[in-house]
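**Q** One structure, as structure tokens, below. Some questions next.
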Amino acid sequence: MDGDVRLLGINDLGACQRLAEDREWGREDHKWRFLFSVGDVYGVEDGDGELAGTVVCTPYGKDVAAISMVLVAKRFERRGLGARLMRHAMDNCRTASICLTATEYGRPLYERLGFRSVGLCTTYKGVSDGPSGRGVSVPVEAADMAAVHALDTEVFGADRSQLVAGLPSFCETLRVVRGETGILGYGGAWRNDDRVVVGPVMAQDAETALTLVEEVVPEGPIRLDVDHRHPELIAWAEEHGLRPAFTTTIMEYGDPVANDPSRLFLPVAQALG
């Protein structure tokens, strides 16, 4: 594969989705559009003008970047294209740290590139009966967003201003828990094809986090990406009939990410941290 890696635009969305379907992923239209709005989507074409591979780098200032959507068409497997795309993204991130979530299939490649494992994440899927909370949280208001941004920056360890600003329109539901000292936590849920992903959830403690989960979770099929450092969320998922679908490895490259996993309960998406 000799084509140049180039920056893609929203007009390339259909080609990205065809590539994802080639790898037996969903079309994930809502997610792809958000990635295009907050990150840099790179791709390389084959000789017929179709995408042979993609990678997304979402930088958060100069501190951290999230790499995701590393896709290589089946017909170009094991030709070094994945490594080439990764190196291109890593060279263009220009951040002190890079994070990603690796499948078992992709992890050996990332290890060869110097990524190290820092944790595990299990995806739980099931069907929810709908919100069951006590009304502790309230829908986010415009006046809350500065405090949500400040909490997100403190917990994630990098300024994700563009991502946070997009959450009210990206999420179907976005709620906050207010306290005497300000925002104690925020949580959202967004639709990905025929299932709702619960996240992000950031909170000062597990009780607040679980309250947010119970008050943003919709009725119907849901998904939670649970870091193993949060057994209380694993217990909640199992108690509500959700079952583990697969486990991925949380990986970092460069400087350790200066985040606070104890308060980062659920990511926006595995693709975004």
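**Q** For Ile10, what accessible surface area do you get with a 1.4 Å probe? Give it in Å², rounded to 10.
**A** Ile10 exposes around 80 Å² with every protein chain in place.
**Q** In the calculated pair distance distribution of region 69-184, what percentage of Cα-Cα distances lie above 22 Å?
**A** Values: 3823 of 6670 pairs.
Summing the P(r) tail past 22 Å for region 69-184 gives 57 percent.
**Q** Over all distinct alpha-carbon pairs, what is the Kirkwood Rh of region 121-273 in angstrom?
**A** Result for region 121-273, one decimal place: 15.4 Å.
**Q** Next question. Ranked highest first by average number of other Cβ atoms within 10 Å, how do 20-27, 83-90 line up?
**A** 83-90, 20-27
**Q** From the mean inverse distance of alpha carbon pairs (Kirkwood) and the Cα radius of gyration, derive Rg over Rh for region 231-273.
**A** Values: Rg = 12.8 Å, Rh = 12.7 Å.
When Rh is taken as the Kirkwood radius, the ratio is 1.01.
**Q** At a probe radius of 1.4 Å, what is the per-residue accessible area of Phe265, in Å² to the nearest 10?
**A** 10
**Q** Right, something else. Residue farthest toward the positive end of the dipole of region 1-100, with Cβ of Lys/Arg at +1 and Asp/Glu at -1: which of Ala83, Val44, Leu8?
**A** Farthest towards the positive pole: Ala83.
**Q** Rounding to the nearest 20 debye, state how big the charge dipole of the chain is about its Cα centre with +1 on each Lys and Arg Cβ and -1 on each Asp and Glu Cβ.
**A** Details: 28 positive and 41 negative charges, 120 e Å.
It works out to roughly 580 debye.
**Q** Give the calculated FRET efficiency between Leu120 and Ala15 to the nearest 0.05, with a Förster radius of 30 Å applied to their Cβ-Cβ distance.
**A** The value I calculate is 0.40.
**Q** Hey, what did the chain get for relative contact order, percent, Cα under 8 Å, at least 6 apart?
**A** Relative contact order here is 23 percent.
**Q** In debye to the nearest 20, how big a dipole does region 117-273 give about its Cα centre with +1 on each Lys and Arg Cβ and -1 on each Asp and Glu Cβ?
**A** 260
**Q** What is region 145-273's relative contact order, in percent, from Cα pairs under 8 angstrom and six or more apart in sequence?
**A** In percent, rounded to a whole number, it is 27.
**Q** Here is a follow-up. On the accessible surface of the chain, probed at 1.4 Å, how many percent belong to carbon and sulfur atoms? Could you put the intermediate results ahead of the total?
**A** Numbers: 5740 of 12070 Å².
Taking all protein chains in place, the chain shows 48 percent carbon and sulfur surface.
**Q** Next up: Please compute the per residue accessible area over the chain with all protein chains in place, 1.4 Å probe, rounded to a whole number of Å².
**A** That works out to 44 Å² per residue.
**Q** Let me ask you something else. Starting from the 7 Å offset along Cα-to-Cβ, what nm value, one decimal, do you get for the label separation of Ala83 and His228?
**A** Result: 2.8 nm between the two label points.
**Q** Cα centroid distance between region 1-72 and region 212-273, in Å?
**A** 24
**Q** Shifting gears a bit: Debye sum, Cα scatterers, region 188-273, no solvent: what log₁₀ I/I(0) at q = 0.13, 0.16, 0.22, 0.23 1/Å?
**A** The Debye formula, applied to the Cα set alone, gives -0.41, -0.62, -1.18, -1.28.
**Q** For Lys125, go through the lysines and keep the ones whose alpha-carbon is under 30 Å away, minus same-chain ones fewer than eight residues off.
**A** Lys31, Lys74
**Q** Which distance in nm do the two modelled labels at Ser132 and Asp255 give, with both placed 7 Å along the Cα-to-Cβ direction?
**A** 4.3
**Q** Another question, then. Under a 5 Å amide H to amide H cut-off, with H placed in plane at 1.01 Å, what residues pair with Val118 once short-range neighbours are removed?
**A** Residues meeting the criterion, in which the H sits 1.01 Å from N, are Ile250, Met251, Glu252.
**Q** State the three equivalent ellipsoid semi-axes of region 1-156, derived from the C-alpha gyration tensor as the square roots of 5 times its eigenvalues, in descending order and whole Å.
**A** Details: eigenvalues 190, 75, 60 Å².
Equivalent ellipsoid of region 1-156: 31, 19, 17 Å, largest first.
**Q** Rank these by accessible area, largest first, 1.4 Å probe: Ser132, Ser68.
**A** Most to least solvent-accessible, the answer reads Ser132, Ser68.
**Q** While we're on this one: Give me the number: length gained by fully extending Phe76 to Glu104, i.e. 0.36 nm times residue separation minus the C-alpha to C-alpha distance, one decimal in nm.
**A** 8.2 nm
**Q** Additional query: Taking the mean number of other Cβ atoms within 10 Å as a proxy for protection, how do you rank 103-110, 250-257, 53-60, 266-273 from highest to lowest? Before the final figure, lay out the partial values.
**A** Details: 103-110: 14.6, 250-257: 18.4, 53-60: 25.2, 266-273: 23.4.
Most protected by this proxy first, the peptides run 53-60, 266-273, 250-257, 103-110.
**Q** How many nm separate the modelled label positions at Asp48 and Glu207, each set 7 Å beyond the Cα in the direction of the Cβ?
**A** 6.0
**Q** Out of every Cα pair in the chain, what percent are spaced more than 28 Å from each other? Write out the running numbers ahead of the final one.
**A** Working: 12453 of 37128 pairs.
Everything past 28 Å amounts to 34 percent.
**Q** Using only DSSP helix segments of four residues or longer, with each worth -39500 (n - 2.57), what per-residue ellipticity at 222 nm results for the chain after dividing by its residue count and rounding to 500?
**A** My calculation for the chain gives -8500 deg cm²/dmol from helical runs alone.
**Q** Hey, got the dipole for region 133-212? About the Cα centre, +1 on K and R Cβ, -1 on D and E Cβ, debye to the nearest 20?
**A** Details: 6 positive and 11 negative charges, 34 e Å.
Charge dipole, region 133-212, about its Cα centre: 160 debye, nearest 20.
The values are calculated or read from the model by the stated rules, or taken from the named source; none is laboratory data. Quick caveat: nothing in here was measured; it's all calculated off a predicted structure. Positions of Cβ are generated from backbone atoms using ideal geometry, with glycine treated the same way; all protein chains shown enter the neighbour counts. Surface accessibility is based on the protein's heavy atoms, side chains included, excluding ligands, DNA and RNA. Shrake-Rupley method; radii C 1.70, N 1.55, O 1.52, S 1.80 Å.
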